[in-house]
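Have a look at the structure below before the remarks.
The values are calculated or read from the model by the stated rules, or taken from the named source; none is laboratory data. Values in this document were obtained by computation on a predicted structure and should not be read as measured data. We place every Cβ from the backbone using ideal geometry, glycine too, and count neighbours over all the protein chains shown. Protein only, heavy atoms only, side chains kept; ligands, DNA and RNA dropped before computing areas. Shrake-Rupley method; radii C 1.70, N 1.55, O 1.52, S 1.80 Å.
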Amino acid sequence: MTNKPDYARYGRRRLIKGAGIAGLAGLAGCVGTGDPGDGGDGGDGSDGSDGGDGMDGEDGGDGSDGGNDMASEIDVWGWDVAARALTITADEYESENDATIAVEEFGRSAMKDRLQTNLLSGSGAPAVSMLESVDGPSFIDTGSVAPLTDEIEEAGVQEDFVSGKWEALTVDGDIYALPWDTGPTAVYYRRSVYGEHDIDPDSIETWEDFIEEGQKLPDDQYMLNLPEGDLSGVWRYQFRQLSGEPFLESGEVNIHNEKSLRVARNIKEIYDADIAANIEGWTSAWFSAYGDATIASLPSAAWMEGTLRDELPDTAGDWGVFKIPALESGGPRASNWGGSNLMIADQVSDEAQARGWDYMEFTLATEEMQLAMYDEYGLFPALETTYDDPVFDEELDFYDGQAARALFAEVAQDAPGYRFTADTPEVSQAIETELQRMINGEQSPEEAVQAAAETVAENTDRDLA
Amino acid sequence: MATSDETDERVGETYRRRARMRVRRTTRQIRRAARPAWDRVRFARQDLTAAVPTLPRVAYLFIAPFFVLFGLFLAFPVAYTLYLSFFEYQGVGEGSLFWIDLGPVYIEIPQIAQLSFVGAGNYLRLLGNDLFWQSMFNTSYILAIQVPLMIGLALALALALNASFMRFKGVFRTAIALPVSANLVAYSTVFLLLFNEQLGFLNYVLSGVGLGPVPWLTSEFWARNTIIAAVTWRWTGYNMIILLAGLQTIPQQLYEAAEIDGANRWEKFRYVTLPQLKPVLLFVVVLSTIGTFKLFAEPYVITGGGPTNATITIVQYIYRQAFVNFNLGYASALTVVFVAVVSVFSILQIKLGGED
Amino acid sequence: MREQQRKDAVWRFLTYAFVITMVVVMMVPLYWMLVAATLPQEQFLQFPPRLIPGTAFLDNFAALQERLDFLRTIRNSVLIAVVYTLLSLVLCSMAGFAFAKYEFKYKEPIFYAILATLVLPIQLLVIPLFLLMAQLEWTNTFRAIILPWAANPIGIFLMRQNMKSIPDALLESARMDGATEFQIFYRIALPTMRSSLAALAIILFLFQWDLFLYPLVILESADMYTIPIGLAQLTGFQRIYYDQIMVAATLAIVPMVVLFLVLQKQFVSGILAGSLKE
C-alpha cells in the first residue's frame, strides 16, 4: 500500500474540508485514510488487526485467568459429523481445564462462505475452525491463518501423523494446521453381487482386471459409478496414487505429464467399457443405486463407511473392501481422498490462539481422543500412532468379518502426499471440463490433459512444465 | 380482424380520443368526490401549506431516503469494489484504510487487504478469458429464451385471471404464485429429482409414452433448458402478480368506451390494455432481464455450472473467482463490467420501450 | 347472437384449460415436496418415487426441531420481512411518486443511477458490507439486514411505472383545492395504488425472504437465523437431511400463503375501476 500519511498533523477543520470533498460532508465530522493519528479521539486507538472484537471482548476481559495466558472461552466451528465429533473432545477438555469450548455446527458450504468472509474482512472468525486439506493453501495464502510451526515443533508431534498430510498444510516452510482425519482410499464392494456373478475381488490387481471382471455383470448392473461432475475427484485420487503432482516445486503446471495422461486414458477406458453408471454423487438416486446394488462397487475413502452405515442400514454385512486397482501391474495401490484439519484464525487475540492450540493439540494429537472420534463418527485418524490400537484389527460385522480398518491404516501410511495450492480449484475446474469433453468423445485423452494444463496456465499466470 | 393497417390506425385513434374524454370526466368526478376531505384539512393546514417547499424540492425530499440509506450502507461497498478492481489481492491486511469520526460515532475501516496496483490489468485479463466469454454466452442464451417465455406466460395468465368471467381468482392466483415462495435448496432438490436422467420422474413419464430418456442434466443443450425450466417455474407467478396489479390500475371506463365502439377482444387488448399496461410491462421486462442476468442460485445448486461449463452464469463465475479462488481484485473488475453491461442494457430497454 | 355465445363459451373453456394446466404444472413440484416431507428418510430415496403422502411428517418435524429451533427461525424471517416490507413500502412509493409525477433537475440521471443499483449483485458486495457492519458493531442484528436495502430500487421503479397511470388532472385538482404535496401523495395517489402496493408488498417480502449469503455472514447466533440459513445447516458433506429440508421448506411456505390471503382483497380492484360507481 501507499505510505500512510500522518494525519495527526492535520487539523480537524482540514479534515472536515477533506470530508466535504469526499462527498461525505453530510455524514462525517471527520474522515481520513490511513491510520488515525494517536492524537485523534478514536476510542480504542488500536489498529485494525484486532477487529474481531466480537469475541475477543469476552476473552480479553477475563483477567483472572492471567496465570496461563489462555482465553477462558473460545469458539470452534465445524460442519456435520465433524462438529459433533468435536463436542466429544470439547466435553472432555472442559472437564480437565477451566475453559469453555463452544462448538458450533454448520452446513458445509454455509460454513465456508461465512468463514471466508470473516477471514477476508479480518473480523468475526472463531479461534479454531475446520479446514479441509484441499482448501488448505488457498486459505493459508490469504494470510489470515496463524502459523503453528513453533507450537508443533515444541509439542514434538509432527512424526506422529501420517506423512502424506503435511504437504497441503505447509506454505513457504511454515505449517498452518494440525491434521485431523485422513481419507485412505479403497474399493468398497457388495459381496452378494460379486458372489452371484463370480467376481473375485482378490484377483483384481489392475484397472484392466477390474474392467474385465465388470463385464460379467448384466446390462442393468454397473461395476462402479463414474459421475460427470466429479471426474476431477476421480482423476485426483488416481493421479495421486501415481505420486503425481499438479505443479512442479518451481510452480509450473504439470497436469499434462505422462501420469496425468495415464489416468485420463484409464478413465476413458472405464467409461468406454460400459461398466460405469453416471449418477450424480450424494443424490438420492445415487444412494438408492447403492442400496439396491444397481452399482456393485464404490472406490472411496475410509470415511464413506459412516455414510453407508447411516444411509443404507439394510446393506450392513454385505460390504467388503479391497485396495484400489493399480494402473499397471505391480504399481502402487494406495491413495487418499479428502481429510480435514484444524486451524487457528490469525485475527483472534493471542490468548484465544493459545487456548485454541491447547484444545487442538488435546483433540488431535491425543490417541484417546482421535480413537473416540473414530469410534463414534468414523473419522479415520491421521494420527499414525493410533494404528497399533487393537481396534484396527477388529473383525467388523459391517464388512462380514473383514478387518477393514487394518487395510485402511495400511493405505493411509502408504498414500503419497499432494501439493495442493491456492490454484487447486483451477486445476479441478479445468480437469473436470476437459475430461467431460473427453468422455463425450469430443477429444482424446492427450488433448484433454493438454487443454486442461493450458487453461490452468492461462488462468493462474504460470508456465507449462 | 381483417382491417388494414390504416383502419387500425383510425380505430385506434378513436379509442384514444374517447379514452381521453373518459379520463377527463373521471377526474372531474374524483375531484368532486374528494372535495369534502380537502375542505376539512385545508383550513387547518393552510399555514403549513404556505411553508411547504415548492414542487421540485418536494421531489428531492421524496427521493432523499434512498440516497441517505445508500450513502450510509452501500456507497462504501460499491466504492470499495470499484477501487479493488484495479488491484491484485495478496492477502489479509493490517492497519486502517479509512476512518470517519462523527464525535460519538467512530467508524474505522481496517485495511482488509494487501493489494498491489495492476491498473487495468484485471480488465484486460477478463477480455482474454475463455470462461468469462463462455459465461456471458450462457447467460445470454438463457436470457434470450427464458425472459420472453416467462413474460409471455405471465401476461397470458394475468389476462386470464383478470377476465370478468373467471371464478376462483384468488385460489388460482395463489396457486400460480406459490412456487416463488419455495425455498431454493428444497426446490433445487426437487428439480434434481424430477430431472434425473436414470431415476427422475420426468424421464419415467417420457419413457412411458415411448420417448427416450432425455439427458436433462448431462447434455449441454438440455442442461441449459433445465435451468430455463426451473427459473420459469419459480418466477412466472411472480411476474403474473405484478402484471395483474398493472391491469387493475387500467380504468374500466376505457374498456367500456371501446365496447361501445364495438371493439372485439383483440382490439380491446391492442388499443386499450397494451398501451395502458406498457409502463408495467416494461418494468417486468427490465426486472426479469436483470434478474436473469444475475442468475446464480439455480445453476449453482442444480447443475453446478456443468456439464463442461455449459450452464455457468456470469455471477456464478464471479462468485467462483471471489469465494473459491480468492481473486478479489479480478472478481471486482468482473463485477464492475457486469454492472456496466447490465445497466446499459436496461437503459436501452427503457429507451427502446418508447418511454417518454 | 348465438354464434357469439358459442364463441364466448369456447373462449372461456380455453382460458380455464390454460389456467388449470398452469396450476397443475406449478403445483406438481410443490406437491412432491409435501410428500417428501411426510416420508421417512429411507423411503425418500426409493424409486419409483412415492406419490402418496406418508405419515412421518411429525417425526421429521421433531427431528428438525431438535437440530435447530425452526419455529424460531420462521419467526425471525417473518419479523424481518414484515418490518422491512412496511418500511420499504413507504420509502419506495414516495420516491416512485416523485419520479412519476414531478419534474425536477437531473431527474433522469438520478433515476438511472437508482436503476444501476438494482443491478448490483448482492452476493458480491458481501465482504465490504460485512466489514462495514462489523465496524458499526451491527453484526448479529436484524437492523443490519433490514436497513441497507430499505429503499429498494425495485420498488421505486415499480411505483414509478404504476403511478404514471394516475391522471395528472386528478392531482392538479387536489392541488387547486389547497392540498399539500404530501397530502396529494397519501390521500390521492396512494389509494389508487392498492393493487400495486399489494404486488410490491409481495416483491419486497420475497426479496428479504430469499436473502441468503448476506444474512449468513451477519447473523451469528443460531437464535437469530432466518429460514434460508436454517436450511443451509441441514446440508452437510456426508449427509443431506432431505426429510428435514422438505419439512422445513413446506413450513416455510405457510407465511407466504398467509401473505397472499392478507393481500387478497387489495387485488380485487383498482380505484379507478372500483370507487367510481356512478
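Couple of notes before you dig in:
- Diffusion coefficient, µm² s⁻¹, Stokes-Einstein with Kirkwood Rh over alpha-carbon pairs of chain C at 10 °C and 1.306 mPa s: 71
- A crude spin-label estimate for the pair residue C:137 and residue C:113, with each label 7 Å from Cα along the Cβ direction, gives 3.3 nm.
- Within the accessible area of the range A:140-299 (1.4 Å probe), percent carbon and sulfur: 40
- FRET efficiency for residue C:52 and residue A:91, using Cβ-Cβ distance with R0 set to 41 Å, rounded to 0.05: 0.40
- Using θ = phi - 60° in the Karplus curve 6.51 cos²θ - 1.76 cosθ + 1.60, the 3J(HN,Hα) couplings for the range B:259-273 round to 5, 4, 7, x, 6, 8, 4, 5, 5, 4, 5, 5, 9, 10, 4 Hz; x is entered for Gly and Pro.
- Between amide H atoms placed 1.01 Å from N, distances below 5 Å from residue A:183 occur with A:337, all of them 5 or more places distant or on a separate chain.
- Peptide-level mean, for C:168-179, of C-beta atoms on other protein chains within 10 Å: 5
- A simple packing score, the average count of other Cβ atoms within 10 Å per residue, orders the peptides A:182-188, B:164-170 as A:182-188, B:164-170, with the highest score first.
- Remark: mean inter-chain Cβ contacts per residue of A:166-176 equal 0, using a 10 Å Cβ-Cβ cutoff to other protein chain atoms.
- From most to least packed by mean Cβ count within 10 Å, the peptides A:339-346, B:68-75 give A:339-346, B:68-75.
- Reported to the nearest whole Å, the Cα centre-to-centre distance from the range A:430-465 to the range C:49-120 is 43.
- Computed E for residue C:9/residue B:145 - FRET, C-beta separation, R0 45 angstrom, nearest 0.05: 0.85
- Residue by residue along C:147-154, Cβ atoms of other protein chains within 10 Å of the local Cβ number 5 on average.
- Normalised by the number of residues in chain C, the average gap of Cα pairs under 8 Å and 6 or more apart makes the relative contact order 30 percent.
- In nm, spacing of pseudo-spin labels at residue C:83 and residue B:266 (7 Å Cα→C-beta vector): 5.5
- Interface burial for C against B (accessible surface, 1.4 Å probe, total of both chains, Å², rounded to 100): 10700
- Note on the range B:121-263: Kirkwood hydrodynamic radius from all Cα pairs is 18.4 Å, rounded to one decimal.
- What separates the Cα centres of the range B:114-178 and the range B:265-313 is a distance of 4 Å.
- Summarising the label geometry, the points placed 7 Å from Cα in the beta-carbon direction at residue C:105 and residue A:248 lie 6.5 nm from one another.
- Computed FRET value (nearest 0.05) for residue C:90 with residue B:60, which takes r as the C-beta separation and R₀ as 22 Å: 0.85
- For the range A:88-95, Karplus couplings with θ = phi - 60° (6.51, -1.76, 1.60), whole Hz, Gly/Pro x: 4, 6, 5, 4, 4, 5, 5, 6
- Long-range amide H partners of residue A:326 with built H, under 5 Å: A:206, A:207
- Structure note, pairs C:105/C:265; C:7/C:101; A:216/A:259; A:112/A:268; A:259/A:323: Cα-Cα distances above 31 angstrom occur for C:105/C:265; C:7/C:101; A:112/A:268.
- Mean separation of Cα contacts under 8 Å, 6 or more apart, over the residue count of the range B:290-356: relative contact order %: 24
- Long-range HN-HN contacts of residue A:104 with modeled amide H, under 5 Å: A:76, A:77, A:78
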